[in-house]
Amino acid sequence: MAKAEAESQTVQDYIVHHLANLTWGRHPDGHWGLAHTPEEAAEMGFLAIHVDTMGWSLAIGAAFLLWFRWVGLRATAHKPGAIQNFVEMIFEFVDNRVSEGFMFKNRLIAPLSLTLFIWILLMNTMDLVPVDWITGIAALIGEHVFGFHHMPFKIVPTTDPNITMGMALNVFLLVIWYSIKNKGLGGFLGELAFHPFGKWMMPFNLMIEIPTLLAKPVSLGLRLFGNLYAGELLFLLIAALLGLYQLPAHFVWAVFHLLVVPLQAFVFMMLTIVYLNAAHEPAH
């Protein structure tokens, strides 16, 4: 961001701009287009799309798939290179976690776990990119090419609850599907109604089991979102308050964040494995 522009903004303006999404949707007058203010974005309602979040998440996912495919097509058992060894190490790590946490046979679980772990890890890693680099370039392009002043552009998809809750809800639907498939509809409903205190305590059982069930997607999605959003917010506070002297503080927080980035991807993967393993257990 240019110095003059940075000086003309308050700390609050700077943070709000960097935490806002580039939103496309239907305006109240009926035409479709980009929102130029947070108020316009709010007026677009549920059908609005965060263009930056969707673009980065799809681009990162495509890059991950293409890279793994490229390595797979060139894999050899005789003289594996460093890249092949690295990818095989990731495969082995995820496979071991699935073997330890999933006690049944399902060919979907390992690929799903690998996809979630790598995709979330790569999206989280975007949080380590300096806050003004890509966002500043996008703002300049928006202003000089499209006439869009102060165009927002977030590059960390997992700081958007639409992404984290979207993945969590998909995992939740799989949990429901496999619970009914393996236990039957009666067995699934019976676990909600008759556990843990038996059929005579059904109202109390439902009061316990239904919130526990619904908490699964919430815990998955909001935990990931909250940790990454808080990390991004702290990076922005450091940049806004310290200015040219931000580099030492950024470095310290980035080093700590190197633990948060893979840890949150790992936690999401492991909870997915645990939830799906419970969905495969026979009804009691």
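For segment 129-165, a tally of residues being more than 17 Å from ILE15 (Cα to Cα) and either exposed (fewer than 15 other Cβ atoms within 10 Å of the Cβ) or among the charged types (D, E, K, R) (or both) returns 7.
Applying the set (1) without any contact (Cβ under 8 Å) to a residue 12 or more places away in the chain; (2) more than 25 Å from ASP160 (Cβ to Cβ); (3) under 20 Å from the mean Cα position of the chain (by Cα) to THR76 leaves exactly one unmet item: (3). The selection criterion, being modelled with pLDDT of 90 or more, surrounded by 17 or more Cβ atoms within 10 Å (Cβ to Cβ) and outside any loop (DSSP other than H, G, I, E, B), does not hold for ASP95. A single entry from PHE153, PHE148 fulfils the requirement of being more than 23 Å from the chain's Cα centre (by Cα) and either farther than 27 Å from VAL267 by Cβ or part of a loop (DSSP other than H, G, I, E, B) (or both): PHE148. Among residues of segment 15-38 that are without any contact (Cβ under 8 Å) to a residue 60 or more places away in the chain and outside any strand (DSSP E or B), those with a beta-carbon under 8 Å from a residue that is aliphatic (A, V, I, L, M) and surrounded by fewer than 18 Cβ atoms within 10 Å (Cβ to Cβ) at least six positions away or on a different chain give the pairs PRO38/VAL16.
The condition (being in contact with a His (Cβ under 7 Å, 6 or more places away or on another chain) and either assigned to a loop (DSSP other than H, G, I, E, B) or more than 23 Å from ALA278 (Cα to Cα) (or both)) is satisfied by just one residue among PHE46, PHE104, PHE68: PHE104.
One line per residue, one yes/no per condition, for (1) among the small types (Gly, Ala, Ser); (2) at pLDDT below 90; (3) touching a helix residue (DSSP H, G or I) at 6+ places or on another chain (Cβ under 6 Å):
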site	(1), (2), (3)
HIS27	no, no, no
GLY33	yes, no, no
PRO38	no, yes, no
MET44	no, no, no
ALA48	yes, no, no
GLY61	yes, no, yes
TRP67	no, no, no
VAL71	no, no, yes
THR76	no, yes, no
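Quick one: would you say PHE117 is in contact (Cβ under 8 Å) with a residue 24 or more places away in the chain and over 21 Å from PRO262 (Cβ atoms)? Criteria not met by PHE117. Only one of the numbered conditions (1) modelled with pLDDT of 90 or more; (2) among the aromatic types (Phe, Trp, Tyr); (3) not in a helix (DSSP H, G or I) is not met by TRP119, and that is (3). Out of all the residues in segment 245-268, which are closer than 17 Å to VAL129 by Cα and either out of contact with any Leu (no Cβ under 9 Å at 6 or more places or on another chain) or not in a helix (DSSP H, G or I) (or both)? Passing the criteria: GLN246, LEU247, PHE251, VAL252, VAL255, PHE256, LEU259.
Specify the residue that is surrounded by the fewest Cβ atoms within 10 Å (Cβ to Cβ); the eligible residues are those in segment 239-284 that are β-branched (Val, Ile, Thr) and farther than 14 Å from VAL171 by Cβ.
Residues of segment 239-284 β-branched (Val, Ile, Thr): 252, 255, 260-261, 267, 272-274.
From what's left, farther than 14 Å from VAL171 by Cβ: 252, 255, 260-261.
Values: VAL252: 11, VAL255: 9, VAL260: 16, VAL261: 23.
Once the filter is applied, the top-ranked residue is VAL255.
The values are calculated or read from the model by the stated rules, or taken from the named source; none is laboratory data. Fair warning: this is a prediction, and the values are worked out from it, not measured in the lab. Note: ideal-geometry Cβ built from the backbone for every residue, glycine included; neighbour counts use all protein chains shown.
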